[in-house]
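Here's the structure, in structure tokens; my notes come after.
Here, each number is a calculation from the coordinates, and none is a lab measurement. Keep in mind the model is a prediction, meaning the values are calculated, not measured. Here Cβ is always computed from backbone atoms with ideal geometry, including for glycine, and neighbour counts include all displayed protein chains.
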Amino acid sequence: MDYKTEIERIEKQRKYIKENKDKIEQSILGKTENEAMEILNSHGLNGRVIRKNGNHLMATADMRIDRLNLELDKGIDGYYVVTDMSWC
């Protein structure tokens, strides 16, 4: 892939995220980790867990527009669910 093609791909992805950000975030809030990852993948995006039940996990500091940082807490049913998120 050449440089120009990569820039076009990134700009297309950036536009998609900007237009669908709220919809994507609302669709994964309250979902389990696996459900959230499936939803993100269906949008061509990636996710990673950076906090689970108050414990911060190791994460790289690289910037990726196609990745959402997920924070999980134990729900009333005992499953960990997405309670917060941030784009990185």
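Shown for K4, K31: other C-beta atoms within 10 Å of each C-beta, ranked fewest to most, produce the order K4, K31.
When the pairs K21/K52; K18/K74; K4/K31 are compared against a 32 Å limit on Cα-Cα distance, K4/K31 fall above it. Taking the charge dipole of the chain about its Cα centre, with +1 at Lys and Arg Cβ atoms and -1 at Asp and Glu Cβ atoms, the residue from G47, T5, A61 reaching farthest to the positive side is T5.
Charged side chains reduced to their Cβ positions (Lys and Arg at +1, Asp and Glu at -1) give the stretch 3-87 a dipole of some 280 debye around its Cα centre. Note on M58 and I76: the extension gain reaches 3.9 nm, defined as 0.36 nm multiplied by sequence separation minus the Cα-Cα distance. Could you point to the label whose value was computed as Cα Rg over 2.2 N^0.38 Å for the structure here, given (i) 1.18; (ii) 0.95; (iii) 1.11? Step by step, Cα Rg over 2.2 N^0.38 Å for this structure corresponds to label (i). Residues in the stretch 43-58 carry Karplus couplings, in order, of 9, x, 10, 10, x, 8, 8, 10, 8, 9, 6, x, 9, 6, 9, 5 Hz; the curve used is 6.51 cos²θ - 1.76 cosθ + 1.60 with θ = phi - 60°, and Gly or Pro positions show x.
Find how much the distance from Q26 to R48 grows on full extension, using 0.36 nm per residue of separation minus their present alpha carbon separation; answer in nm with one decimal.
Working: separation 22, 0.36 × 22 = 7.92 nm, distance 1.68 nm.
Full-extension gain reported as 6.2 nm.
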